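Asker: Take this structure first; my questions come after.
Just so you know, all these numbers are worked out from the coordinates, no wet-lab data involved. These figures come from a predicted structure and were not determined experimentally. In this analysis, Cβ positions are derived from the backbone assuming ideal geometry, glycine residues included, and neighbour counts consider all displayed protein chains.
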Amino acid sequence: MEQISLVSRQKKLLRILQSQNRVMTGLELAAQLDVTTRTIRTDITNINRLLAGTGIRILSYHSKG
């Protein structure tokens, strides 16, 4: 299996999401990581691209979290 390479912020993002039992908004995630919501959206897109084919995916919904 190929090693998946994430930057530190992306690893933190995954840890935050894994620790929650609820939907989180991009604004909440951005505040916790001290970045913009655009950065969160880009990170989620990149993580999902890296995880393609593994059966793992970060679900995101416009205006829902």
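Asker: Within segment 33-50, track down each residue that is loosely packed, with under 14 Cβ neighbours inside 10 Å and either more than 12 Å from the chain's Cα centre (by Cα) or among the aromatic types (Phe, Trp, Tyr) (or both).
Answerer: Answer for segment 33-50, where residues must be loosely packed, with under 14 Cβ neighbours inside 10 Å and either more than 12 Å from the chain's Cα centre (by Cα) or among the aromatic types (Phe, Trp, Tyr) (or both): ASP34, THR36.
Asker: Next question. I'm told GLY53 meets every condition in (1) more than 12 Å from the chain's Cα centre (by Cα); (2) at negative phi except one. Can you identify the failing condition by its number?
Answerer: Single failed check for GLY53: (2).
Asker: On to the next question. If you go through segment 49-57 one residue at a time, do you hit one that is within 17 Å of SER5 (Cα to Cα) and polar (S, T, N, Q)?
Answerer: Yes, segment 49-57 contains a residue that is within 17 Å of SER5 (Cα to Cα) and polar (S, T, N, Q).
Asker: Then there's this: Under the condition of being without any contact (Cβ under 8 Å) to a residue 24 or more places away in the chain and of a type outside the set (Gly, Ala, Ser), which residue from segment 12-27 is surrounded by the fewest Cβ atoms within 10 Å (Cβ to Cβ)?
Answerer: ASN21
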